[in-house]
Structures are given as structure tokens and as C-alpha cells.
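The values are calculated or read from the model by the stated rules, or taken from the named source; none is laboratory data. These numbers were taken from a predicted model, which means no experiment stands behind them. Positions of Cβ are backbone-derived with ideal geometry, glycine not excepted, and every protein chain shown enters the neighbour counts. Accessible surface areas use protein heavy atoms only, side chains included; no ligands, DNA or RNA. Shrake-Rupley method; radii C 1.70, N 1.55, O 1.52, S 1.80 Å.
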Amino acid sequence: MYAWLWRHLPGPRPVRALIALVLIVGVIALLMLVVFPWAEPLLPFNNVSV
Amino acid sequence: MSQRPERGNGVRRTAGHRAGYLVIRTAGELLITAGVVLLLFVFYTLYVTNWTSAQLQRESEERLERAWDEQDGMDAPADAGTDSTDAGTDSAFARIRIPAFGPDYRYTVQSGVDADHLEIGPGHYPQSAMPGEPGNFGVAGHRIGRGAPFTDLDELGSCDALVVETATNFFVYRVLPFDEEIDGWEAIRQRRPECANVSTLRDTGDGPGEPYGDTVGRRIVTPDRSDAVAPVPYREVDVLPRLEQAALITLTTCHPQYSDRERLIVHGVLTQQVPKSQVQDDYGQLLEQLGEV
């Protein structure tokens, strides 16, 4: 999967590395800003009221 | 991320070999990815939510301070409640301070216990009494993440002070005796000066006829016990007329830590009301007066 992704990134090695880094940061941002805030209230960890 | 060798050196692989290899490798990569995502989620819950909540609490603190200053001023405008900055869901009306957690421990108290409120800081159960009133001033707060104001709630002991600050007053509540202390309370009370005004709220022991028979300093209850913040905890709302009710405070958070299977409940009783003017509006002076320094 990741090897396939790497082969399909354009440009020479440093450019690919840069694009890969941007992709990783983008995915983490998506998780932190959208996915986790949505998922957290649905999980049984943090309800504090009675 | 470096490219892994896809073909073995010098060994010609059949198509079947390669397909199997690909499936296993992709499955492995997905599992590793899932593990990393879970670790990121833990990081989000324990740290990222703290950063955003700290910022919200800071803004709430500034807004409350400004609103109280305006109330103090002689020329307070009629609409002192509104101000130029966008308050969002911020509805702070009081401040909670717990000397046992250090002199700097303070959070604004929101009016409401929804997720939006509790993200900013501890929240007041809207149906419960206001600070200092007879009845039960109920407050919920997070124990992990989102600032975790009540993270150390389990470390409070009997007679520890819980200070609720309003525009004009410090209301000093103290944690009620724990279950195992009820029987010998008179002896404990005489030994510890901070307990002088803390009663067990019981006339004749633990009988079911005692309205406060189930009210102790700390309890673990199931999440459905919304009567923990009833005017008389764990009793019908009308068990006592309002003016015969003790002025209590009740703090609730999740239990055990990192789970919401149960709730940790701390009950306290009002022991003192100190007008802010009496201590020059200074929490440090109040602490001195309470003997907490």
C-alpha cells in the first residue's frame, strides 16, 4: 500500500519525500480536527454528569 | 518511508506468490496504521483537548473578571452582561477554587453541563441551587482531557475546603465526613479545627428516616443517579421544605479515571460566607483566614 503510494508520487526522491510529509501532516490534521472531535463523544470514556 | 524491495533477488516468483505477498503486506500496513491512529487518539484525548480547553478557560476567566469589574463600577451600563467579544457558549457566572489543589487552582463555572459547557470548565447543573442557597449546588467537571479540572477529585479528604466565588462573596463549603468517619465524627471534629463547622447532617445515625442518611463526603454511584444533585441528595425533591435544606455543594466526575462506567461524587456543606469586601477582594487573605496557607 505505502510502496504503491510512493511509486505513484511524482518527481524525484526529495520532492516525493516532501509530498509524502505533506500528506502525513494532512491526515493527522484531519484526524485531530474532524474525526477525533466527532468520535470522542461517542466513546464511553468521558461522561461526567449524572 | 523508504521503498521496500518488492522482488526477491534472483528468485523468480510466480504470480500467486506475489499476490499472497501483497495481501499479507497490505494487511500488515493497515494494522500498523490502525495502531498509529489509536495512539494519535490517545494523544488527542489527553493533550490536544487540554490545549483547546485551556484557551477557552482563559477567555472565560477574562470575560468573567470584566463582567464583575463592571458590576462593581458605579456607572455600570444596563446591559453589563453583554460585551464586545463573542462569548460563544461561555456562560460563566462563578468561580470554583479548591485550596487543597494549590492556591492557584481556579476555574470559571459554566451554567450548564453539556459537552460545549464542560469543554470550557466545570459546569453547574441548571436545576440545582445557586451558590450559598439552601439545596444543592451541583457541579460537573472532566477528569481527563479538556482541562481535567476534577482530575484529582478522589484525593479530597473530609473537611477540605471548596470555595465558590461569586461577584460579591466567597462561599466556603467543606467536604462532608466520609462513610467510615460518621460514627466517630464528634471525636474527629474536636481533634481537627477545620472540621469545627462540619456536621454529619444526621440527628440519630443512618436510619432511612434521615433525609441526609445517604449523604457522605465521597460516593461512587452509577451514571443514572441524577438524584446525587437533588436538593437533598438521593431523596425525593420534596422530602424537606426548602428552608430546612442544608446548603450543599456536589461535585461529579467520571469514575474510574479513563472510564465512564460510574461517577465519583463529592458532597460538601456550606460552613462560611465571606463577603469579598471583608477580605479586600483577595483570595490570599481568605486562605489566611481559613488557615490554609
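Counting charges near B:GLU61 (Lys, Arg +1; Asp, Glu -1) among other residues having Cβ under 11 Å from its Cβ returns a value of +1.
Each Lys or Arg adds one and each Asp or Glu subtracts one; over the other residues with Cβ under 15 Å from the Cβ of B:PRO275, this totals -3. The fraction of accessible area contributed by carbon and sulfur in chain B is 53 percent, rounded to a whole number (1.4 Å probe; ligands and nucleic acids excluded).
With a simple spin-label model that places each label point 7 Å from the Cα along the Cα-to-Cβ direction, the separation between B:ARG192 and B:GLU288 comes to 2.6 nm. The residues packed around B:CYS159, meaning those with a beta-carbon under 10 Å from its beta-carbon, carry a net charge of 0 if Lys and Arg are +1 and Asp and Glu are -1.
Summing both sides, the accessible surface hidden between B and A at a 1.4 Å probe radius is close to 2600 Å². Going from the isolated chain to the complete set of protein chains, the stretch B:248-293 loses at least 40 Å² of heavy-atom accessible area (1.4 Å probe) at B:ASP260, B:ARG263. With pairing defined as another cysteine C-beta under 4.7 Å, the cysteines of chain B that fail it are B:CYS254. Straightening the chain between B:ASP238 and B:THR52 buys 62.9 nm, computed as 0.36 nm per residue apart minus the Cα-Cα spacing. Scattering from chain B was approximated by placing one identical point on each alpha carbon and applying the Debye formula without solvent; log10 I(q)/I(0) at 0.10 1/Å stands at -0.61. Normalised by 2.2 N^0.38 Å, where N counts its residues, the alpha-carbon radius of gyration of the protein assembly as shown equals 1.34.
Simple spin-label estimate for B:VAL42 and B:PHE93 gives 4.1 nm between the two label positions (7 Å along the Cα-to-Cβ direction from each Cα). For chain A, taking Cα atoms only, Rg and Dmax work out to 17.2, 58 Å respectively.
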